[in-house]
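Enquirer: What follows is a single structure, and I will ask about it in a moment.
The values are calculated or read from the model by the stated rules, or taken from the named source; none is laboratory data. Worth saying up front: this structure is predicted, and the values here are computed from it rather than measured. We place every Cβ from the backbone using ideal geometry, glycine too, and count neighbours over all the protein chains shown.
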Amino acid sequence: MESKSYIKNVKVTAKKLRFLLDDVRKMDPYKALEHLYYTPKKSAKILYQAIKSAIESAKTKLNENPKIKFKTLLAEEGRKLKRFRAGGRGAAKQILRRYSHIKVVLEVEEKKHGTKGTS
């Protein structure tokens, strides 16, 4: 069973989110929330909200507190606002205000049952 959370047009660049994703991807989702809560970055707060949303939707789908893990955790590039600023010699310099999309997919860890070999 899967639980998905897709948050679009977050006002943080995808590059800044990817710095945190490498650490968080290896963790349990509940430990990842704890880690992100104490990380002093704007992108950590946004990623915290995305993961928490996915966990809450997993709880409502399964009507219990399941043991879950990350299946997919991505930060994709979103839209870009293009702005211009005065540059040297009367030229216009372009400024890109980048947005991103966060995709979190959680799956339930299935218990591995040991099979006895009958001979």
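Enquirer: Could you please tell me which pairs satisfy a Cβ distance under 9 Å, a separation of 6+ or placement on different chains, a first residue in region 101-119 that is under 23 Å from LYS67 (Cβ atoms) and outside any strand (DSSP E or B), and a second residue that is modelled with pLDDT of 65 or more and of a type in the set (A, V, I, L, M)?
Expert: What qualifies is GLU109/ILE68.
Enquirer: Assess whether LYS31 counts as being without any contact (Cβ under 8 Å) to a residue 40 or more places away in the chain and within 21 Å of SER3 (Cα to Cα).
Expert: Answer is yes for this residue.
Enquirer: Take the conditions free of Cβ contacts under 8 Å to residues at least 12 places away in the same chain and touching a Lys or Arg at 6+ places or on another chain (Cβ under 6 Å) and apply them to ARG85. Does it pass?
Expert: Details: free of Cβ contacts under 8 Å to residues at least 12 places away in the same chain: yes; touching a Lys or Arg at 6+ places or on another chain (Cβ under 6 Å): yes.
Against the criterion (free of Cβ contacts under 8 Å to residues at least 12 places away in the same chain and touching a Lys or Arg at 6+ places or on another chain (Cβ under 6 Å)), ARG85 qualifies.
Enquirer: Scan (1) at pLDDT 95 or above; (2) of a type in the set (Phe, Trp, Tyr); (3) crowded, with 17+ Cβ neighbours inside 10 Å for the single condition TYR38 breaks and write down its number.
Expert: If we test TYR38 against (1) at pLDDT 95 or above; (2) of a type in the set (Phe, Trp, Tyr); (3) crowded, with 17+ Cβ neighbours inside 10 Å, just (3) comes out false.
Enquirer: Suppose we filter region 6-23 for residues that are within 9 Å of the chain's Cα centre (by Cα) and among the β-branched types (Val, Ile, Thr); how many remain?
Expert: Summing the residues that are within 9 Å of the chain's Cα centre (by Cα) and among the β-branched types (Val, Ile, Thr) in region 6-23 gives 1.
Enquirer: Within region 52-75, restricting attention to residues that are within 15 Å of LEU17 (Cα to Cα) and in contact with a helix residue (DSSP H, G or I) (Cβ under 6 Å, 6 or more places away or on another chain), which residue is surrounded by the fewest Cβ atoms within 10 Å (Cβ to Cβ)?
Expert: Once the filter is applied, the top-ranked residue is LEU73.
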